[in-house]
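Structure record follows, encoded as structure tokens.
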Amino acid sequence: MSYIKPKFEHPRAPKNALGYSRKEYEGSLSTLCAGCGHDSISAAIVDACFELSIEPHRVAKLSGIGCSSKTPAYFLNNSHGFNSVHGRMPSVATGANLANRDLVYLGVSGDGDSASIGFGQFAHVIRRNLNMTYIVMNNGCYGLTKGQDSATADHGSVSKAGSVNNFEGIDMCAIAIELGATFVAQSFSGDKNQLIPLIKAALSHSGFSLINVVSPCVTFNNNPGSTKSYDYVREHNEALSSLDFVPVKEEITTEYDEISVKMVEMHDGTFIKLNKLHQGFDPQDKLSIINALQVARQKDEILTGLLYLDTESVELNDLIGTVNKPLNSLTEKELCPGSEVLEKINAGLR
Ligand SMILES: Cc1ncc(C[n+]2csc(CCOP(=O)(O)OP(=O)(O)O)c2C)c(N)n1
Ligand code: SF4
Ligand SMILES: [Mg+2]
């Protein structure tokens, strides 16, 4: 098999507002197993960044360890990247974000990476409301180390070898909501139409955005009895609404029926348009989603779509009042305010 990706591009390939084609947002050829859900998520990230016309050099992509954490090699070749240690992506993202708040931070991780060794880091990056998009590629197993059950494997799920999981699975979205996440969504790698607008909305949110994406592992966890297989997720997927992302420059001219459509304005002037929203559910009301998740669990349903959004979110840099400029752009004059100011600071501490 050849791993060389052709550079050829159709001369009339669509261009975005920056004049770039989708190719500018692609990565190297994937070495994951053919059919792995993670590859579909990578493709959705490429589409979302292309459609949002993000300058690739303004994105920092970060990951931990796992098949999922390998994926930054397969998208956004022209962006900054840091493949960290197992479960430690959040602390690297926090350090980078505090040093330079001007970049768009996109972290990808696996259920093993985030719900076991990195669970503590996952919790703290959420409660601090770091301005980043955090995608969990959730296949219910440790794909890279040959398919052991992970902490998100559902109770009763059957492994490829036939053993039944007797432990409760961790619900990444429920935990994130509990910890104060300001944007929480759930999706399926096989549902590009839902995933792309969710990624666009998450990237536009100011604060921590979690997208937990059920992403089947075709090699180790796609068997009958597994609750993370393609067949199971297709049969149990319950979308809370259908979703559109409305960019800032696009005027909302069409009349819409307020009973069946809910428009949620993001801080940057973009909108999320939720069509056919489930009755009695409001993604801006935390109690309604906590209730909906519990009901879904009892019915063995996987709720997908935008679960929760806090439009009043205040991200970490604003919470602690960091300087607006990236640290590496500060001049000596800005860094050293002079002995008089220093004298005052010291006097204030005596
Ligand atoms: C400190 C440390 N412990 C254990 C491992 C072995 N290890 C590599 S990947 C992985 C789990 C990967 O699972 P997940 O994050 O769900 O990614 P997937 O491969 O399923 O996408 C483990 C335990 C490691 N690389 N480093
Ligand atoms: S082992 Fe599973 S998670 Fe890893 S690349 Fe193969 S299908 Fe994907
Ligand atoms: Mg996994």
For helix 339-349, report the angle its Cα long axis makes with the longest principal axis of the Cα atoms of the chain; keep it between 0 and 90° and round to the nearest 10°. 60
Over the chain, with a single point scatterer placed on each C-alpha, what log10 of the ratio I(q)/I(0) does the Debye formula yield at q = 0.07, 0.10, 0.11 1/Å? -0.31, -0.62, -0.74
By the scheme Lys and Arg +1, Asp and Glu -1, what is the net charge of all other residues having a beta-carbon under 11 Å from that of Ser63? +2
Can you tell me what share of the DSSP beta bridges in the chain is antiparallel? A percent to the nearest 5 is fine. 40
Taking the Cα atoms only, what angle lies between the long axis of helix 37-51 and the longest principal axis of the chain, rounded to 10 degrees? 40
If packing is taken as the mean number of other Cβ atoms within 10 Å per residue, what is the order of 194-206, 52-64, highest first? 194-206, 52-64
How tilted is helix 192-204 with respect to the longest principal axis of the chain? Cα atoms for both, answer in degrees (0 to 90, nearest 10). 20
Net charge near Lys15: determine it from the other residues with C-beta under 15 Å of the C-beta of Lys15, scoring Lys and Arg +1 and Asp and Glu -1. -3
The answer for the net charge of residues other than His38 whose Cβ lies under 13 angstrom from its Cβ, with Lys and Arg +1 and Asp and Glu -1, is -1
Given a 1.4 Å probe and every protein chain left where it sits, what share in percent of the accessible area of the chain is carbon and sulfur? 53
Kirkwood hydrodynamic radius for the range 293-350: how many Å is it when counted over pairs of different Cα atoms? 16.7
Can you tell me which of 40-49, 271-280, 337-346 comes out highest on packing, and rank the rest after it, using the mean Cβ neighbours within 10 Å? 40-49, 271-280, 337-346
Among Lys146/Lys228; Lys146/Lys299; Lys70/Lys262; Lys228/Lys262, which pairs are too far apart, with a Cα-Cα distance over 27 Å? Lys146/Lys299; Lys70/Lys262; Lys228/Lys262
Ranked output for segments 319-327, 230-238, 175-183 by mean other Cβ atoms within 10 Å, highest leading, reads 175-183, 230-238, 319-327
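The values are calculated or read from the model by the stated rules, or taken from the named source; none is laboratory data. Computed from a prediction, not measured in an experiment: that's the story for all the values here. Quick reminder, even Gly has a Cβ in these numbers, built from the backbone with ideal geometry, and neighbours come from all protein chains shown. Keep in mind that these areas ignore ligands, DNA and RNA; they rest on the heavy atoms of the full protein, side chains included. Shrake-Rupley method; radii C 1.70, N 1.55, O 1.52, S 1.80 Å.
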